[in-house]
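For reference, the structure discussed in these notes is given below.
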Amino acid sequence: MPTILLLFGWRFFFYSNENNEPIHIHCQKAEKESKYWIDTVNFDIITEYEYNLSPSDRRQLRKIIFENFDYIVSEWKKYKKGDGNEADS
């Protein structure tokens, strides 16, 4: 479970057992959790799930993800390449 960012108490990470899923990022802070799909074609993110997030948490997470969009995609590709999986979508 590599952590790629730690910002404002949020941990942004990948799970190592999600080999066949498209690019996405997990976010966790205390009892709050979420997962977002990363749409590289449209420079967008789509919420997969959220747990215990307030509206301000959602805004903060979206801002962080968009500010680090290219970095997240790059880290995903590096991580998946190291696993022997090519997940570019």
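The values are calculated or read from the model by the stated rules, or taken from the named source; none is laboratory data. Quick caveat, the model's predicted, so the values are computed rather than measured. Positions of Cβ are backbone-derived with ideal geometry, glycine not excepted, and every protein chain shown enters the neighbour counts.
If you go through region 17-52 and keep only what is within 16 Å of Tyr79 (Cα to Cα) and more than 13 Å from the chain's Cα centre (by Cα), you end up with Asn17, Asn19, Asn20.
Taking first residues from region 69-89 that are under 11 Å from Thr40 (Cα atoms) and of a type outside the set (Ser, Thr, Tyr) and partners that are assigned to a loop (DSSP other than H, G, I, E, B) and at pLDDT 50 or above, the Cβ contacts under 9 Å between residues at least 6 apart in sequence or on separate chains come to Phe69/Thr40; Phe69/Phe43; Ile72/Ile23; Val73/Ile23; Val73/Thr40; Asp88/Pro22; Asp88/Ile23; Asp88/Thr40. For region 2-41, give me every one of the strands (runs of 3 or more DSSP E) that falls completely inside it and has 3 or more residues that are over 14 Å from Phe66 (Cβ atoms) and of a type outside the set (Phe, Trp, Tyr). Per the criteria, 3-7, 24-29, 32-39. Hey, among the residues in region 1-13 that are touching a Leu at 6+ places or on another chain (Cβ under 8 Å) and touching a residue at least 24 places away in the same chain (Cβ under 8 Å), which one's farthest from Val73 (Cα to Cα)? For region 1-13, the residue satisfying everything is Trp10.
Is it the case that Ile65 is at negative phi, in contact (Cβ under 8 Å) with a residue 40 or more places away in the chain, β-branched (Val, Ile, Thr) and assigned to a helix (DSSP H, G or I)? Show your work before the answer.
Details: at negative phi: yes; in contact (Cβ under 8 Å) with a residue 40 or more places away in the chain: yes; β-branched (Val, Ile, Thr): yes; assigned to a helix (DSSP H, G or I): yes.
Yes.
Once region 19-28 is narrowed to residues that are closer than 20 Å to Lys80 by Cβ and surrounded by 13 or more Cβ atoms within 10 Å (Cβ to Cβ), the residue that is modelled with the lowest pLDDT is Glu21. Filtering region 53-63 to residues that are farther than 20 Å from Ser74 by Cα, surrounded by 13 or more Cβ atoms within 10 Å (Cβ to Cβ) and not hydrophobic (A, V, I, L, M, F, W, C) leaves Asp57, Arg58, Gln60.
Going by what's in this entry, would Ser16 be described as surrounded by 13 or more Cβ atoms within 10 Å (Cβ to Cβ), touching a residue at least 24 places away in the same chain (Cβ under 8 Å) and among the small types (Gly, Ala, Ser)? Judged against the criteria, Ser16 is not a match.
Results for (1) surrounded by 13 or more Cβ atoms within 10 Å (Cβ to Cβ); (2) in contact with a helix residue (DSSP H, G or I) (Cβ under 7 Å, 6 or more places away or on another chain), shown as yes or no for each residue.
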{"residue": "Ile4", "(1), (2)": "yes, yes"}
{"residue": "Phe8", "(1), (2)": "no, yes"}
{"residue": "Arg11", "(1), (2)": "yes, no"}
{"residue": "Ala30", "(1), (2)": "no, no"}
{"residue": "Trp37", "(1), (2)": "yes, no"}
{"residue": "Thr40", "(1), (2)": "yes, yes"}
